[in-house]
1. What does DSSP give for segment 195-316 in terms of the percent of beta bridges that are antiparallel, rounded to the nearest 5?
2. Nearest 10 degrees is fine. How inclined is helix 69-83 to the longest principal axis of the chain, computing both from alpha carbons?
3. How far is helix 369-386 tilted, in degrees, relative to the longest principal axis of the Cα atoms in the chain, given as a value from 0 to 90 rounded to the nearest 10?
4. Just to confirm the number: angle between the C-alpha axis of helix 332-343 and the first principal axis of the chain, 0 to 90 degrees, nearest 10?
5. Antiparallel as a % of all DSSP beta bridges within the chain, to the nearest 5?
6. Taking neighbour counts of Cβ atoms within 10 Å as a proxy for exposure, in what order, fewest first, do 149, 335 appear?
7. Size of the chain along its principal axes in angstrom, Cα-based, largest extent first?
8. What do the square roots of 5 times the Cα gyration tensor eigenvalues come to for segment 1-88, in whole Å, largest first, as semi-axes of the equivalent ellipsoid?
Ligand SMILES: Cc1ncc(COP(=O)(O)O)c(C=O)c1O
């Protein structure tokens, strides 16, 4: 049979990170990886214990398609307290398999083929492919180092066309660590209202904000009815393997997402949901400890990269540094490949996060302080050798 794979899937490139990490994995454990965007911490014990307890109690069934009501109540309480946006747990919240599933659901729920979704680049690797898988058209707006990778709302407005359906935000940002000022958030809200757009806001790194206060666009007047607020447990609570996320938003959009979720996923794992309830109720202390450690690492890695001559903007949140490597004379891919082969340090080429990532690499500081110090010594040696 010809054309066995659907055309729009056949043309999708594989993730740039995936290929690279196949190479890293083949190199054994002398490699220091600043590559993967995953906390090096194990999930706090009280959360793991709640998973064991759920199983002991025999809580092994399906849940409501939307997720356990007790979890949705806990989520809505948390979102109200921390993001100043009130949602009804019965109709305005859905529990998903990570933020990944929530993204897929909202794109499939709102995109009629050909609709455009505007987002900022460099960005999380999945955004453009997920939009395309939902038959949408991704429209990237570039954020620049000279503006500390902050989004200029004017650039967003210039990208709006009659086909624009939604704008997608991710602050603090993977891979740049940039955040938005309250003025920028207000300006983006104004643009969304003026052009009648949906706003999808991926706030998965929001707890990991080190400078200033995180503010959510969902909290602004008139925004709740057009905003889908996405969040999850992978990063702040070090719960990647639990695959827990959620979306809060207007009832019509949550209902549309629920239909897709119901037919494709049914529900998220009950064991993971019970653990996530524990994280929301009692996870703050452990989470703050991890955050303090990320902040300590951030200050060190950014200082060291700048000393080495790889200019690096101070990230405001998340756990990534995004240094400019153009002084090395190498492309992002050459830099990452040679650094791995010659000094056994894994970083991700900036181009994995969009074409405008050329000239940069992403260094995740979700690895131990000592390993980051050693990685910086190796990078220094590598850069000196190039001169
Ligand atoms: C910006 C962003 N959104 C979403 C995700 C997916 O997270 P989850 O583990 O909740 O599916 C990631 C993971 O790296 C991410 O960086």
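Just so it is clear, none of the values below were taken in a lab; they were calculated from the coordinates. Since this is a predicted model, take the numbers as computed values, not measurements. A quick note on method: Cβ atoms are made from the backbone with ideal geometry, for glycine too, and the neighbour counts reach across all protein chains shown.
1. Numbers: 4 of 8 bridges.
Bridges in segment 195-316 are about 50 percent antiparallel.
2. Its long axis makes an angle of about 60 degrees.
3. On a 0 to 90 degree scale, this one is about 50.
4. 60
5. Working: 15 of 35 bridges.
Counting only bridges with both partners in the chain, antiparallel ones make up about 45 percent.
6. Working: 149 22, 335 26.
So the ranking, lowest neighbour count to highest, is 149, 335.
7. 61, 55, 54
8. Values: eigenvalues 257, 122, 67 Å².
After scaling each eigenvalue by five and taking roots: 36, 25, 18 Å.
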